[in-house]
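Here the structure is laid out as structure tokens; the discussion comes afterwards.
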Amino acid sequence: MRIAIMGSGGLGGYFGARLVQGGADVHFVARGKHLEAMRRDGLRIQGPQPIHVPQVNATSDPAEIGVADVVMLCVKLWDTESAIEQIRPMVGPNTAIVSFQNGVLKDQYLRAAFDERQLMGGVGYVATTIGEPGVILQTGPMQRLLFGEFDGSRSARGEALLAACVAGGINAEFSDNILREIWQKYVFLVALSGTTTTMRKSLGPIRSNPQTRAFFIDVMREVVAVGRAHGVSLPEDYADIRMKFAEELPADMTASMHHDLERGNRLEVRWLSGGVVELGKAKGVPTPLNRAIADILALHAEGGSNA
């Protein structure tokens with residue numbers, strides 16, 4: 001199976017390395033010093049289960065790869081529009097495009113650019129970052145990919161991707177309700193990213209303080225209300241269910257957006273809490289807490305000297 005990874009950072013680099021280990025024909029699109037290191041030394045995963053893939057197919061030009069069976073979109077959300085244009089040489093009539101990016105707006109952008117029949121939904125769970133060029137640092141044991149057809153069908157392309165993932169040791173699942181899975185991640189991610197970034201604290205202190213704990217839960221409740229208004233089959237008490245999940249996570253857990261703020265990088269807040277506000281307006285659902293998060297982080301959203 002010929003798989004193209006568009007965006008070879010923490011998520012794309014990690015799962016791409018595992019797919020290579022499993023025998024898939026993987027091609028990475030990367031840039032800068034990270035690309036140079038991958039070409040020279042391969043790709044390393046440091047963490048609970050270290051991996052070294054000594055040789056990888058890596059390029060900055062998707063046209064060099066040609067048409068792929070699957071294109072995995074793993075870039076940061078602010079690069080989505082440019083990535084959509086860049087992946088076109090890799091997309092043929094039978095290519096499946098799967099976004100493993102954060103949020104729920106991502107698939108709207110893909111639907112506007114490609115035939116909807118080429119799209120599959122995707123969700124990725126892994127705590128990683130680029131430790132140094134050519135090295136992905138995994139900071140926790142969790143790693144999981146979920147993907148599926150938006151109509152809930154079992155497709156040959158989905159089964160083939162599942163087999164490639166399993167061969168690489170990825171905890172993967174072919175979901176028959178991928179839209180719900182995307183929103184389930186969105187509920188928790190919006191709260192984790194929004195609170196850790198605005199409060200400049202990890203999950204532990206936030207869930208231990210009664211006031212910030214209540215804020216965390218109420219942020220999730222807003223996302224659940226918006227999702228349900230858009231017809232997503234989330235239980236009404238899903239925020240409370242996710243809070244039980246949050247109790248089991250390490251106290252030092254934080255979000256990639258928190259790391260991006262500390263490093264002066266751009267933030268995904270426009271598509272996370274900002275996306276909740278946008279989608280809430282479309283259905284008349286109030287989202288004051290997510291608007292507060294988006295407003296508080298507005299001056300930091302572009303990174304650089306304002307961060």
Gly140 vs. criteria within 23 Å of His258 (Cα to Cα), touching a strand residue (DSSP E or B) at 6+ places or on another chain (Cβ under 8 Å) and either free of Cβ contacts under 8 Å to residues at least 60 places away in the same chain or surrounded by fewer than 21 Cβ atoms within 10 Å (Cβ to Cβ) (or both): yes
Unique residue being assigned by TED's automatic domain parsing to the domain that holds Val75, over 23 Å from Arg263 (Cα atoms), surrounded by fewer than 19 Cβ atoms within 10 Å (Cβ to Cβ) and among the hydrophobic types (A, V, I, L, M, F, W, C) when the list is Ala229, Ala214, Ala167, Ala172: Ala167
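The rows are residues; the columns are (1) surrounded by fewer than 22 Cβ atoms within 10 Å (Cβ to Cβ); (2) in the same structural domain as Thr195 (by TED's automatic domain parsing); (3) of a type in the set (Val, Ile, Thr); (4) within 22 Å of the chain's Cα centre (by Cα).
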{"site": "Arg270", "(1), (2), (3), (4)": "yes, yes, no, yes"}
{"site": "Leu289", "(1), (2), (3), (4)": "no, yes, no, no"}
{"site": "Ala292", "(1), (2), (3), (4)": "yes, yes, no, no"}
{"site": "Asp295", "(1), (2), (3), (4)": "yes, yes, no, no"}
Only one of Val53, Val75 that is in contact (Cβ under 8 Å) with a residue 60 or more places away in the chain, surrounded by 13 or more Cβ atoms within 10 Å (Cβ to Cβ) and within 19 Å of Lys33 (Cβ to Cβ): Val75
Residue in the stretch 237-259 that is in contact with a His (Cβ under 7 Å, 6 or more places away or on another chain) and either under 23 Å from Thr129 (Cα atoms) or surrounded by 19 or more Cβ atoms within 10 Å (Cβ to Cβ) (or both) present: no
Qualifying residues in the stretch 113-131 (those that are assigned to a strand (DSSP E or B) and modelled with pLDDT of 95 or more) - the one nearest to Ser256 (Cα to Cα): Gly124
Filter result (among the aliphatic types (A, V, I, L, M) and closer than 15 Å to Ala191 by Cβ) within the stretch 239-281: Ala239, Ile241, Met243, Ala246, Leu249, Met253, Ala255, Met257, Val269, Leu272, Val276, Val277
Filter result for the condition that a residue is in a helix (DSSP H, G or I), more than 20 Å from Arg221 (Cα to Cα) and among the aliphatic types (A, V, I, L, M), over Met243, Met257, Met253: Met257
Any hit, the stretch 37-53, residues being assigned to a helix (DSSP H, G or I), at pLDDT below 95, out of contact with any strand residue (DSSP E or B) (no Cβ under 9 Å at 6 or more places or on another chain) and assigned by TED's automatic domain parsing to the domain that holds Gln143: no
Residues being of a type outside the set (D, E, K, R) and in a helix (DSSP H, G or I) - total across the stretch 132-185: 15
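The values are calculated or read from the model by the stated rules, or taken from the named source; none is laboratory data. Quick caveat: nothing in here was measured; it's all calculated off a predicted structure. When we count neighbours, we look across all protein chains shown, and the Cβ atoms used for this are built from the backbone with ideal geometry, even at glycine.
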